[in-house]
1. Given a 1.4 angstrom probe, what's the average accessible area per residue across the range 26-96, in square angstrom?
2. At 222 nm, what helix-only mean residue ellipticity would the chain give, in deg cm²/dmol to the nearest 500, using -39500 (n - 2.57) for each DSSP H run of four or more?
3. Using a simple charge model, +1 on the beta-carbon of Lys and Arg, -1 on the beta-carbon of Asp and Glu, nothing else, what dipole does the chain show about its Cα centre, in debye to the nearest 20?
4. Dividing the alpha-carbon Rg of the range 88-165 by 2.2 N^0.38 Å yields what?
5. What's the angle, to the nearest 10 degrees (0 to 90), between helix 136-145's Cα axis and the longest principal axis of the chain?
6. So between Y60 and R148, what do we pick up on full extension, going 0.36 nm a residue minus the alpha carbon distance?
7. What ranking do 6-13, 22-29 get when scored by the average of other Cβ atoms within 10 Å per residue, highest first?
8. Pulled fully out, how much extra length does the chain show between E25 and R38, if you take 0.36 nm times their separation in residues and subtract their Cα-Cα distance?
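The values are calculated or read from the model by the stated rules, or taken from the named source; none is laboratory data. Note that the structure is a prediction, hence the values are computed from the model and not measured. As a convention, Cβ positions derive from the backbone with ideal geometry for all residues, glycine included, and neighbour counts pool all protein chains shown. Quick note on the areas: whole protein, heavy atoms, side chains included, nothing else; ligands and nucleic acids left out. Shrake-Rupley method; radii C 1.70, N 1.55, O 1.52, S 1.80 Å.
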Amino acid sequence: MKQRALFLDRDGVVNEEVGYLYLAEEVRFVDGIFSLCRTAVGLGYRLIVVTNQAGIARGYYSEADFQALMVFMRGKLREEGIELDAVYFCPFHPEHGVGEYKREHEDRKPGTGMLRRGAAQFRVELSESVMVGDRCSDVAAANAAGLRQAFLVSGTEVDGCAGEHLKVESLTEVERWLVAHG
């Protein structure tokens, strides 16, 4: 079987969206994320987080703050029997970045850099992989990278998104799709 990945946006998918999250005490995991991850691993998917981090670009928190939060979050996931294969983040923003962080970058979704890096590092077939996001940029990145399926968790994008995707109300719907489609 070809190697595949479940690519997960972080804010709004793994944890509830709070706006520029960097404090451990503000982390609330999205309902269904633990079950979705366990099911995906059981079906042979790698778990890879791909997240734009404009808060770093804007100077709201540092890369070290982000890394410390991810150590905390990975620990909480591990307590639930979940091991992330990788976490990729983009600290750049072309308009609102400060100093070295103000620039375009292929990793910034809708760019495909983080997805392609995951594919290269883990020998993942993008055409067999799935993306779960809550923004149009997640859908656009998944489509541009040729992923098998993109899911848009409702709630963030009020006007909907262009591109091929399935809109879902909960992560349970994504989990059911994975089970049904292998």
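1. On a per-residue basis, 43 Å².
2. Counting only the DSSP helices, I get -10000 deg cm²/dmol.
3. It comes to approximately 620 debye.
4. Ratio of Rg to 2.2 N^0.38 Å for the range 88-165: 1.14.
5. The two axes meet at around 60 degrees.
6. 28.2 nm
7. 6-13, 22-29
8. That pair, E25 and R38, stretches by 2.3 nm at full extension.
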